[in-house]
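Engineer: Take this structure first; my questions come after.
Readers should treat all values here as calculations from the given coordinates under stated rules, not as data from a laboratory. Bear in mind the structure is a predicted one, so any value in this text is a computation, not a measurement. We place every Cβ from the backbone using ideal geometry, glycine too, and count neighbours over all the protein chains shown.
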Amino acid sequence: MKRRDPIVPPMRSEAILPVPTRSGHKILPLLGKVGLTVALVGWLMSQADWAGMAHRLANAPLPPLLLGLGLSFLAVLFAGERWRAACRATGLVIGPVKALMLMAASLFFGQVLPGAIGGDAVRGWLTWKEGQSPGAVILALVLDRLLALLGVCLLLFAGLPRLAAVVPPDMAWMLPVLVLLGVAGFAAGLSIDRLPLPGALRTHRLVNAAFTLVARLRAAFLAPATLKALGHSVLVHICTLAATLLYARAIGLSLGPFDILAVMPTAIIATALPISLNGWGVREGTMVAGFALFGVPFEDALLLSLMIGLSVTLTALPGGLAWLALSRGSQSASGNAVSDRTHDR
């Protein structure tokens, strides 16, 4: 079955499943992630009182734990809706169930593969196999990733007053200022195709392709569906914050909602950085350091971070079933197409 525009560099099989390579430059980043993860997790484990943490968790009441896990699953639903809205903003039409399955499969591979980008590649590949335009799929992936980051940045600024109450203002504003600079730079980049550049440069093939992508991304940002996608992005992170609060209360921590709001957006941003294996170690270290500002002991903050990490893993597991269902559906559709062509002969 022919497909439009078969050359889709970001969707190569190498981007979906790790394959052996002779070039060391592809192995070194992975080794760096493994090294940092092992170092951080090893240090945290060596400092923790595991018997005390296990006792605290064993005595935690079950209802808030289950409710927190339920909120984590609810976050997956909102993430699926964010993907559907991002696709609509780029001209793709995907049903709610299909969008949820695509997002679930993406989250599953985001845990299995060394990095969230692998999960994005799987989602893009599966969406493309549904017969969608590869260019629009890539654009939707970029938009979805940016909106996920923008959503947590909004919560970062919402928690800034509480954070500024416990740390010096210059420290509290450090990350928000970097975010503002990044947003300003990105906004300027969206208008780069409107600069009065020389005609010879503008007509260059690569420059023209880049300007076309910028124009399409700008149009997608201005689409009405993008605002809806941003709302779902914020809801995803609110579910994570609410689950953190429930887990904290379950293990006896007296943290308030604004304490969670002051720490967790930074932890989410740090976890998203491609410097460790799926955020492990970085998330725990950030939460331990952040909640220490509010008087939370090391072991309690570490236990809380591990509970969040375990929730993320548990909510990603059903994505394996979603991937199998999507793969079988795609194979069935391909088989029907081949059968139809055979009968036409």
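Engineer: Can you give the extra length, in nm with one decimal, that the chain gains between LEU222 and ARG194 once fully stretched, where that is 0.36 nm per residue apart less the Cα-Cα distance?
Structural biologist: Working: separation 28, 0.36 × 28 = 10.08 nm, distance 1.62 nm.
Between LEU222 and ARG194, full extension yields an extra 8.5 nm.
Engineer: Starting at the first residue of segment 248-256, write each ³J(HN,Hα) from the Karplus equation 6.51 cos²θ - 1.76 cosθ + 1.60 with θ = phi - 60°, in whole Hz, x for Gly and Pro.
Structural biologist: My calculation for segment 248-256 gives 4, 5, 5, 9, x, 8, 9, 6, x Hz in order.
Engineer: Here is a further query. Have a look at ALA223, ALA270, CYS153 and report the one farthest towards the positive end of the charge dipole of segment 123-281, computed about the Cα centre with Cβ charges (Lys/Arg +1, Asp/Glu -1).
Structural biologist: Highest projection toward the positive end goes to ALA223.
Engineer: How many angstrom lie between the Cα centre of segment 258-296 and the Cα centre of segment 169-240?
Structural biologist: Between the Cα centres of segment 258-296 and segment 169-240 lies a distance of 25 Å.
Engineer: Per-residue counts of other Cβ atoms within 10 Å, averaged by peptide: what ranking do you get for 137-147, 43-53, highest first?
Structural biologist: Taking the mean over residues of other Cβ atoms within 10 Å, the ranking is 137-147, 43-53.
Engineer: Show me, bin by bin at 10 Å from 0, the whole-percent P(r) of segment 68-330 based on Cα pairs.
Structural biologist: Pair shares across the bins are 7, 28, 33, 22, 9, 2, 0.
Engineer: Which residue, THR244, GLY95, GLY35, has the largest displacement toward the positive end of the dipole of the chain when charges sit on each Cβ (Lys, Arg +1; Asp, Glu -1)?
Structural biologist: GLY95
Engineer: Now for a different question. What full-extension length gain, to one decimal in nm, is calculated for VAL93 and VAL177 as 0.36 nm per residue of separation minus the Cα-Cα distance? List each step's numbers first, then the result.
Structural biologist: On the way: separation 84, 0.36 × 84 = 30.24 nm, distance 3.66 nm.
Full extension of this stretch gives 26.6 nm more.
Engineer: Right, something else. Kindly rank 186-197, 303-314 from highest to lowest mean number of other beta carbons found within 10 Å of each residue.
Structural biologist: Numbers: 186-197: 12.0, 303-314: 20.4.
Listed from highest to lowest mean packing, they are 303-314, 186-197.
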